[in-house]
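J.: Before we start, here is the structure in question, set down as structure tokens.
The values are calculated or read from the model by the stated rules, or taken from the named source; none is laboratory data. All values reported here derive from a predicted model rather than from experimental measurement. As a convention, Cβ positions derive from the backbone with ideal geometry for all residues, glycine included, and neighbour counts pool all protein chains shown.
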């Protein structure tokens, strides 16, 4: 088998199984583990997968930059945002994480909704400022300009003051084994604290993020209570999360 054929085979296995093991690939393809490790390293360098000890996992398709992410899966994000907005009840305290889907959620809140929203996202705060009934609490800290999000120790400390009803969490990747992952180390710390401060934690994730990973782990999947995704998401993609007890919201 030629190198390119072998690598296409590896990508096919990743799509089918959600992971590959170097030892099994070596045995099945009848090449050395050194060859497989080189394949995985070069494929990771090309952005095709995410290397882990002993193998590889599908890489999250999510871009790092907020501006770039605004153009990724816009229809799915709009559907997710509308479904998520319907979960908020009057009088609740809600932590609204940063991200382009959360931004759309803020835009889709009913104009008569009375609630308190806590956010570390300047773009979301700007949207909520126009809402006639929402009380807005903006968390302080260091502004990451690429992500358009506030992070750091001051953000984490501020979150410790809240006991929210809901937390809507943006993710880069959601993998049944690896867990909730993101691309920024400091953002992972903030998201972890957000999750610990809410009675229910709801992930906002389009289908392209399911079964994929990014470099920094926030928490295991079972730390979530719900997953909101678009209506067209395939049942087999959702099955592992349903087995973990997550409530699946698609409309």
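J.: Residue 199: assigned to a strand (DSSP E or B) and assigned by TED's automatic domain parsing to the domain that holds residue 160, yes or no?
T.: Here the answer is yes, as residue 199 does meet what is asked.
J.: Only one of 70, 107 is surrounded by fewer than 22 Cβ atoms within 10 Å (Cβ to Cβ), in contact with a helix residue (DSSP H, G or I) (Cβ under 7 Å, 6 or more places away or on another chain), over 20 Å from residue 232 (Cβ atoms) and modelled with pLDDT of 95 or more; which?
T.: Of 70, 107, the one residue that is surrounded by fewer than 22 Cβ atoms within 10 Å (Cβ to Cβ), in contact with a helix residue (DSSP H, G or I) (Cβ under 7 Å, 6 or more places away or on another chain), over 20 Å from residue 232 (Cβ atoms) and modelled with pLDDT of 95 or more is 107.
J.: Taking the range 214-228 as the search range and keeping residues that are closer than 18 Å to residue 189 by Cβ and buried (at least 20 other Cβ atoms within 10 Å of the Cβ), which one is farthest from the chain's Cα centre (by Cα)?
T.: Result: 224.
J.: Could you list all residues from the range 1-18 that are surrounded by fewer than 19 Cβ atoms within 10 Å (Cβ to Cβ) and outside any helix (DSSP H, G or I)?
T.: Matches in the range 1-18: 1, 2.
J.: Name, by its number, the condition in (1) farther than 21 Å from residue 250 by Cβ; (2) part of a strand (DSSP E or B); (3) modelled with pLDDT of 95 or more that does not hold for residue 94.
T.: (1)
J.: Right, another one. Which residue out of 29, 40, 21 is touching a strand residue (DSSP E or B) at 6+ places or on another chain (Cβ under 6 Å) and either surrounded by fewer than 16 Cβ atoms within 10 Å (Cβ to Cβ) or farther than 23 Å from residue 172 by Cβ (or both)?
T.: Just a single option satisfies the conditions, and that option is 21.
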